[in-house]
Amino acid sequence: MNAPTRRVAVVTGAGSGLGREFTHALLDGGYRVALAGRHAETLTETAGSRADTLVVSTDVSNPDSVRELFERVRQEWGRVDVLVNNAGTFGPGGAIDEITLDDWNATVAVNLTGAFLCAAEAVRIMKAQQPGGGRIINNGSISAHTPRPGSVAYTATKHAITGLTKSISLDGRPFGIACGQIDIGNAATEMTAGIATGARQADGSIRPEPTFDAKHAADAVRYMADLPIDANVQFLTITATTMPFIGRG
């Protein structure tokens, strides 16, 4: 693929876990990738010695920081073809009467407002660039469908991501901008390591849950990103086969 035709992707939360896997999959697919996250050192570890990467320390909850990210990408490569909204936090654990307003707000700021801010900047560029259009892929969660116990802040933000995905899809149609969502259950990363040893169930018990190789989730994101703009995966759910999700009690 010649450099002028190579597509440009932005991945948030690229310093570890699924974000790192998404980044590597897109680089392997020939994309130029801007890696966004709070810590430059972990972003640099993700980028490694790979060419066509741009490391930008970013706080997705801060509008100025997000604007700087997308301006850096525009200046470097002139366009944005794919945004993977992946940055997120599990937030506080506990029932709704046990969490603080500050913890609630902090979770909303990263998981929901951060996705909104990044999508807004990406859409502005996608509308103006030539050729126009692009694609946004939001990392939802199984919690966008069914909550775990004691996860009200995380679950509320992930349900809201589904609304964000639908609205961007609708409003993006006239401009060739597609938006889809991947909902991932128990991909094996540093963040989910505890699930394999024991996770709280709806009946109050603690039981280990199966996980799967996060590379499969990254392959799914690359598939979504690679589609021509006249096709879109609106929602894709990928889980460990025997994860307690369907029929979760």
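Restricting attention to the range 167-179, does a residue exist that is at pLDDT 95 or above, within 15 Å of the chain's Cα centre (by Cα) and within 25 Å of D213 (Cβ to Cβ)? The answer is no; no qualifying residue exists.
Being among the β-branched types (V, I, T) and either assigned to a loop (DSSP other than H, G, I, E, B) or under 23 Å from G176 (Cβ atoms) (or both) is not true of V108. In this structure, I99 does satisfy being out of contact with any Phe, Trp or Tyr (no Cβ under 9 Å at 6 or more places or on another chain) and more than 25 Å from F22 (Cα to Cα). Filtering the range 139-169 to residues that are more than 21 Å from T192 (Cβ to Cβ) and touching a strand residue (DSSP E or B) at 6+ places or on another chain (Cβ under 9 Å) leaves L164, T165, K166, S167, I168, S169.
Does A178 satisfy the criteria of being buried (at least 20 other Cβ atoms within 10 Å of the Cβ), in contact with a helix residue (DSSP H, G or I) (Cβ under 6 Å, 6 or more places away or on another chain) and either of a type in the set (A, V, I, L, M) or not in a loop (DSSP other than H, G, I, E, B) (or both)? Spelling it out, it is not the case that A178 is buried (at least 20 other Cβ atoms within 10 Å of the Cβ), in contact with a helix residue (DSSP H, G or I) (Cβ under 6 Å, 6 or more places away or on another chain) and either of a type in the set (A, V, I, L, M) or not in a loop (DSSP other than H, G, I, E, B) (or both).
Scanning the range 11-40 for residues that are more than 11 Å from A218 (Cβ to Cβ) and either touching a Gly at 6+ places or on another chain (Cβ under 6 Å) or not hydrophobic (A, V, I, L, M, F, W, C) (or both) returns T12, G13, A14, G15, S16, G30, Y31, R32, G37, R38, H39.
When V123, V108, V84 are checked against the criterion of being closer than 18 Å to T162 by Cα, surrounded by fewer than 20 Cβ atoms within 10 Å (Cβ to Cβ) and modelled with pLDDT of 95 or more, V108 stands alone in meeting it. Criterion applied to F70, F22 was being buried (at least 24 other Cβ atoms within 10 Å of the Cβ), in contact with a Lys or Arg (Cβ under 9 Å, 6 or more places away or on another chain) and either under 20 Å from G132 (Cα atoms) or modelled with pLDDT of 95 or more (or both), and the one residue passing it is F22.
The values are calculated or read from the model by the stated rules, or taken from the named source; none is laboratory data. This structure is a prediction, so every number in the text was calculated from the model and none was measured. Cβ: placed from backbone, ideal geometry, glycine included. Neighbour counts: every protein chain shown.
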